[in-house]
Amino acid sequence: MTSKLPPELLQLFTPRPPLKHVKPTDCPPDQHPAPKVTGIGAYLSELLTAPPGEPIETPQQRKERQKAERALQARDNVMRGISTWDPSLNLQATEDPYKTIIVARLHYDVTEKDIREKFEAYGDIVSIKMVKDMEGNFRGYAFIEYAHESDMREAFRSADGTRILGRRIV
């Protein structure tokens, strides 16, 4: 098969000439002195007097440390949020939570008018707060505040499972 290759390629496969033997300059290899192998006992005094190095952190220790740091930071954020939070300054909050019902799984195209038409049958509605994200898109749930707590309870019992714009609400 190699006989069919051109001479330039055949030259690549020819073996190189063997290396020339050179005698060792110091002594024959069988008389060459072996290195002295000793135990660690000779270095024990140096190990005992050496200054302590930095402790090395294992990957598991690093994970545990980072987890503890994140937990501490989260706890600090919560404590800072609790100390600065004042519910009376929240303009989006309802006036009375005992007269408020949450309506979920609403269709994203539903309007306040659609919700009002469906839930005004249970009593007078004070306000409807439709929850939106940062871009202003409706999130699919709303808070309805009634004038009386009994109206809220009636809406809670009766409205579960009704449909608004073809979607069953909870």
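The values are calculated or read from the model by the stated rules, or taken from the named source; none is laboratory data. Quantities reported herein were computed from a predicted structural model and do not represent experimental measurements. Counting neighbours? That spans all protein chains shown, and the Cβs are built from the backbone with ideal geometry, glycine included. Surface areas here come from the heavy atoms of the whole protein model, side chains and all, with no ligands, DNA or RNA. Shrake-Rupley method; radii C 1.70, N 1.55, O 1.52, S 1.80 Å.
Does Thr58 satisfy the condition of being open to solvent by less than 70 Å² (accessible area, probe 1.4 Å), of a type in the set (S, T, N, Q) and closer than 18 Å to Val170 by Cα?
No; evaluated as a whole, the condition is false for this residue.
Need the failing condition index for Met134 against (1) assigned to a loop (DSSP other than H, G, I, E, B); (2) surrounded by 11 or more Cβ atoms within 10 Å (Cβ to Cβ); (3) within 26 Å of the chain's Cα centre (by Cα), just the number.
(2)
Among the numbered conditions (1) under 30 Å from Ala155 (Cβ atoms); (2) open to solvent by 80 Å² or more (accessible area, probe 1.4 Å); (3) in a loop (DSSP other than H, G, I, E, B); (4) among the β-branched types (Val, Ile, Thr), tell me where Val37 comes up short.
(1)
So which residues in segment 47-78 are among the small types (Gly, Ala, Ser) and at pLDDT below 85, if there are any at all?
Ala50, Gly53
How many residues are in contact with a Lys or Arg (Cβ under 7 Å, 6 or more places away or on another chain) and over 30 Å from Gly161 (Cβ atoms) if we restrict to segment 58-106?
0
Among the residues of segment 94-107, is there at least one that is of a type outside the set (Ser, Thr, Tyr), modelled with pLDDT of 90 or more, at positive phi and out of contact with any Ser or Thr (no Cβ under 6 Å at 6 or more places or on another chain)?
yes
Got a number for residues in segment 105-131 being of a type in the set (A, V, I, L, M) and open to solvent by 30 Å² or more (accessible area, probe 1.4 Å)?
Of the residues in that region, 4 qualify.
Just one of Arg163, Arg157, Arg167 is surrounded by fewer than 16 Cβ atoms within 10 Å (Cβ to Cβ) and touching a residue at least 24 places away in the same chain (Cβ under 8 Å); which is it?
After ruling out the rest, the residue left standing is Arg167.
Counting just the residues of segment 85-104 that are open to solvent by 100 Å² or more (accessible area, probe 1.4 Å) and over 27 Å from the mean Cα position of the chain (by Cα), which one comes out farthest from Lys118 (Cα to Cα)?
Out of the qualifying residues, it is Leu89.
Considering only residues that are among the hydroxyl-bearing types (Ser, Thr, Tyr), part of a helix (DSSP H, G or I) and free of Cβ contacts under 8 Å to residues at least 12 places away in the same chain, which ones fall in segment 55-113?
Selection gives Ser83, Thr84, Ser88.
Among what's in segment 11-34 and is of a type in the set (S, T, N, Q) and part of a loop (DSSP other than H, G, I, E, B), pick the residue that is surrounded by the fewest Cβ atoms within 10 Å (Cβ to Cβ).
Here the residue is Thr25.
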